[in-house]
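Before any comments, here is the structure.
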Amino acid sequence: MYLLAILGVILSALLMGMFSPDGIASLSSCLDLFALLLIVIIVIPVMASMGMLKDLNHAFRLTLGRKAAGSLRELKRAKTAMVYLMRCVLLAGVTGTLAGIMQVLSTSEGEVGILTASMGVAVCPLLYAFVIVLVLLPIDARLEHRIVEFMENEE
């Protein structure tokens, strides 16, 4: 089921590319590895400073693997880590976008075409953040479902 979310993101990107004026080649303008690296460089230290990397590991193991939850506390900590991961990814995307926009606006040279292309690249971190959160949503929902199931089984 989780693969359906990833497949949906890939298919929607391909459909966007197919119906754009430039075709699928227009998707190459959305590829910016620096923007993705920027999100990773922000998210990992922040999650580590919150002490949630272990809980985040449990969240992925509980939802993607076949590991059973040991306690309700473990499930709730995994859910909390997932919520903070999604928040952190979104804020990292906004930070990267604002930094990119500031960089574009600080250079007053160039034509309008160069400016609009630079603004497109500046928005890439926000696009990546939204896509990452969109892929993480099913994991978050599964954790919520497991918490409810665990509480019902205890009664």
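Quick notes
- Selection within the stretch 61-99 - hydroxyl-bearing (Ser, Thr, Tyr), more than 12 Å from the chain's Cα centre (by Cα) and not in a loop (DSSP other than H, G, I, E, B): 63, 80, 95, 97
- Any chance residue 143 is among the hydrophobic types (A, V, I, L, M, F, W, C) and farther than 30 Å from residue 67 by Cα: no
- Scanning the stretch 39-69 for residues that are of a type in the set (Val, Ile, Thr) and modelled with pLDDT under 90 yields one hit, 63.
- Scanning the stretch 96-119 turns up one or more residues that are assigned by TED's automatic domain parsing to the domain that holds residue 56 and under 16 Å from residue 46 (Cα atoms).
- Every test in (1) under 15 Å from residue 36 (Cβ atoms); (2) modelled with pLDDT of 85 or more is passed by residue 72 save one, and that test is (1).
- Residue among 124, 88 that is crowded, with 16+ Cβ neighbours inside 10 Å and either charged (D, E, K, R) or over 30 Å from residue 147 (Cβ atoms) (or both): 124
- Meets criteria (surrounded by fewer than 18 Cβ atoms within 10 Å (Cβ to Cβ), of a type in the set (A, V, I, L, M, F, W, C), in a helix (DSSP H, G or I) and over 19 Å from the mean Cα position of the chain (by Cα)) for residue 148: yes
- Among the residues of the stretch 100-115, some residue qualifies, meaning at least one is within 19 Å of residue 33 (Cβ to Cβ), more than 10 Å from the chain's Cα centre (by Cα) and either not in a helix (DSSP H, G or I) or not aliphatic (A, V, I, L, M) (or both).
The values are calculated or read from the model by the stated rules, or taken from the named source; none is laboratory data. Quick caveat: nothing in here was measured; it's all calculated off a predicted structure. When we count neighbours, we look across all protein chains shown, and the Cβ atoms used for this are built from the backbone with ideal geometry, even at glycine.
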